[in-house]
Amino acid sequence: MKKRKDPLKVISISSGKGGVGKTNVSANLAVALARQGSSVIVLDADLGLGNLDVLLGLAPRFNFGHVIRGEKTLEEIIVDGPDGVRIIPAASGIQELTTLDANQKINLFSQVENLNDKVDILLIDTAAGISHNVLFFNLVAAEKIIVANPEPTSIIDAYALMKVLHLKHGEKKFNLLVNQARNKDDGLEVYRNITVVSDKYLNVSLDYLGYIPYDENLPKAVRQQKAVLEVYPDSESSKGFMRLAEVVREFPPSEFNDNLQFFIGEDENSVMERNPA
Ligand SMILES: Nc1ncnc2c1ncn2[C@@H]1O[C@H](COP(=O)(O)OP(=O)(O)O)[C@@H](O)[C@H]1O
Ligand SMILES: [Mg+2]
């Protein structure tokens, strides 16, 4: 008898600050997970300024804008990326997608749920900032990976994102990945700096997933529009992504976040209004 598939694991990748490496982490973690035997889809949730397709050298004909306009289903716009990873591309330069309304969210959520039996892991590459959409995609995910690098600005923004998700939406569990660390101690120091503040002011748990080293090969791969794992599989960042995938595969089977239903119906602007600082 065929073994029943584990439930879909939905994992968001966010940071608060832009440029810390979310999209590269999403793409390479996906490739690493695929090489370790998982079936993976990456959703580019930077809906107005998506660039995951560009990063991977793909030229999708349709994108998320078509889904939102009801012209295509989510499944119809999926494109094939490296190593069997599949990508749901975002639109670029379409401002109306920067805030999804309640109907769009419900529609998207049910389409994501329908992917369940075809995929093991759904990674969600989110936009920078703490906009309504970013919070929504974090609430869709049962596991949240917060990416920070050793710069103080990135550490502050990672904390700010956790703070909003905790204080406004009751989220309690986060995972930290340090990107662009010089070495193991550099990564651990970022983790310590964040936990000093989060332990003091927030009632959350933050698990450390380790670090991805700063690696010149990564921007080189970006310029070739490839995942670093494709073109420099033996580089230090590639090894970091393979280590990360091993940790992520141990995330408990989770499916969707229970908090989500309370968020979907909320007024679009209420999150920002209630959270001026
Ligand atoms: N581990 C790393 N080593 C070296 N450079 C990196 C690393 N991670 C990211 N970068 C650089 O940062 C840039 C921005 O990364 P990106 O994934 O687009 O960030 P985000 O999605 O958070 O905005 C990359 O194009 C690359 O040049
Ligand atoms: Mg990005």
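For a straight C-alpha distance cut-off of 30 angstrom, the lysines reachable from residue 184 (same-chain residues fewer than eight places away being disregarded) are 9, 17, 22, 144, 163, 172, 173, 200, 220, 226, 239. Legend: ranking of residues 216, 151 from fewest to most surrounding C-beta atoms inside 10 Å; resulting order 216, 151.
In this Cβ point-charge picture (+1 for Lys and Arg, -1 for Asp and Glu), the chain has a dipole of about 420 debye about its Cα centre.
Answer rounded, prolate or oblate for segment 9-259, using the Cα gyration tensor with square roots of eigenvalues a ≥ b ≥ c: rounded when a/c is under 1.5, else prolate when a/b is larger than b/c, else oblate. It would help to have the intermediate numbers written out before the result.
Numbers: a/c = 1.58, a/b = 1.15, b/c = 1.38.
Cα axes put segment 9-259 in the oblate bin.
Computed from point charges on the beta carbon alone (+1 for Lys and Arg, -1 for Asp and Glu), the dipole magnitude for segment 1-108 about its Cα centre is near 520 Debye. Here r is the Cβ-Cβ distance between residue 117 and residue 250 and R0 is 22 Å; the resulting FRET efficiency, rounded to 0.05, is 0.50.
Laboratory data are not the source of any read-out in this text; all were calculated from the coordinates shown. Worth saying up front: this structure is predicted, and the values here are computed from it rather than measured. Please note: Cβ atoms are built from the backbone with ideal geometry, for glycine as well, and neighbour counts cover all protein chains shown.
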